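The values are calculated or read from the model by the stated rules, or taken from the named source; none is laboratory data. Note that the structure is a prediction, hence the values are computed from the model and not measured. In this analysis, Cβ positions are derived from the backbone assuming ideal geometry, glycine residues included, and neighbour counts consider all displayed protein chains. The protein model used for the area step is the full one, side chains on, heavy atoms only, and it has no ligands, DNA or RNA in it. Shrake-Rupley method; radii C 1.70, N 1.55, O 1.52, S 1.80 Å.
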Amino acid sequence: MLDILVPTADSSYFTEASDQARTYVEAFARVGLTACPRPWPDAGETPALALLAWGYHLEAARWLALLDRWPTTVPLFNSAALMRWNTRKTYLTALETAGVPTVPTLFGTPSMVAFDQLSADELVVKPQVSAGSHLTQRVRRGDPVPALRDAMIQPFLPAIQSEGEYSLFFIAGALTHAIVKRPTGDDFRIQPQFGGRNTLWQPDTEALTVAEAALAATPAQPLYARIDLVRRLDSRLALSELEAIEPDLYFEHGPGVLERLAEELARVL
């Protein structure tokens, strides 16, 4: 038996997550793995998969408390320690220190100084604990600075609009598929809820090298992960995010991905 962690019934994410959970349950059943949805705050007694724990970023303290008290004898995927590390975007600093090419990032309270520190006329600012572009803002010189105490601040990269963001998906360390995500019109957000479009993509050597370096530098091998890459101003692909908590797997672009995930879960369990 495996719990698939989902939002609580009062969450705005509940209906969509529950619908997607049914797809997971059906796919897992095809390879003999029994799974059922469970609200993530109620988990901890049964092996669990966190892929649909949407909304955790809105209750960060509660989420971190769950990870801290997770029993060592109960499997959690990904591991509690890895997801705790991955919850706050400051993990990018650790990956950069390990030699992974990353998007230049500042952490702290946004100020006008950030424009000069990042040699940029436009910035992207969002909370350090965030998902789905929640509270993400694009700021130009002269605009009011967002009032975020714990923010991550990056230069706006024009490649997002012209080239898009690349996402590579890994199960048990092996690439399953990859996509390119592009925004619509003048928007810079690539998520579907903002009109973003995504298509299947074949990663090149540069993308694979950066993605595999990021995976190798994580504190523990993730069972599943999404690696997001974007082209910097120096024309190099760089890591913008490593998602090891609840990434959308875009499994419609990877036939058999959910079954492969279930097989790996069954093997580990």
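Among A120, A159, A151, which is within 17 Å of L239 (Cβ to Cβ), at pLDDT below 90 and open to solvent by less than 20 Å² (accessible area, probe 1.4 Å)? Can you show your working first?
Working: A120 fails: within 17 Å of L239 (Cβ to Cβ); A151 fails: within 17 Å of L239 (Cβ to Cβ).
Checking each option against the conditions leaves just A159.
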Does segment 82-97 contain any residue that is more than 17 Å from L242 (Cα to Cα), surrounded by 14 or more Cβ atoms within 10 Å (Cβ to Cβ), in contact with a Pro (Cβ under 8 Å, 6 or more places away or on another chain) and of a type outside the set (G, A, S)?
no
Which of the residues spanning segment 70-95 are part of a helix (DSSP H, G or I) and among the aromatic types (F, W, Y)?
W85, Y91
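For every residue, the table says whether it meets (1) open to solvent by 30 Å² or more (accessible area, probe 1.4 Å); (2) without any contact (Cβ under 8 Å) to a residue 12 or more places away in the chain.
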position: L2; (1), (2): no, no
position: A48; (1), (2): no, no
position: L51; (1), (2): no, no
position: H57; (1), (2): no, no
position: R62; (1), (2): yes, no
position: R69; (1), (2): yes, no
position: T73; (1), (2): yes, yes
In segment 21-45, anything over 19 Å from F251 (Cα atoms), out of contact with any Pro (no Cβ under 8 Å at 6 or more places or on another chain) and open to solvent by less than 30 Å² (accessible area, probe 1.4 Å) is listed as P41, A43
Show me the strands (runs of 3 or more DSSP E) found entirely inside segment 195-256 where at least 3 residues are over 16 Å from the mean Cα position of the chain (by Cα).
197-200
Yes or no: segment 138-145 includes at least one residue that is under 25 Å from W54 (Cβ atoms), open to solvent by 70 Å² or more (accessible area, probe 1.4 Å) and in contact (Cβ under 8 Å) with a residue 24 or more places away in the chain.
no
Residue under question is A244, and the condition is that it be in contact (Cβ under 8 Å) with a residue 40 or more places away in the chain and crowded, with 21+ Cβ neighbours inside 10 Å; does it hold?
yes
Can you find a residue that is open to solvent by 60 Å² or more (accessible area, probe 1.4 Å), at pLDDT 95 or above and of a type in the set (S, T, Y) anywhere in segment 200-216?
yes
For S111, are the conditions met, namely being within 20 Å of F156 (Cβ to Cβ) and either of a type in the set (G, A, S) or surrounded by 17 or more Cβ atoms within 10 Å (Cβ to Cβ) (or both)?
yes
Residue satisfying all of: in segment 247-269; open to solvent by 40 Å² or more (accessible area, probe 1.4 Å) and of a type in the set (A, V, I, L, M); nearest to Q154 (Cα to Cα) among these:
V268
Given the conditions (1) at pLDDT 95 or above; (2) surrounded by 14 or more Cβ atoms within 10 Å (Cβ to Cβ); (3) within 30 Å of Q202 (Cα to Cα); (4) not hydrophobic (A, V, I, L, M, F, W, C), every one holds for E165 apart from (1)
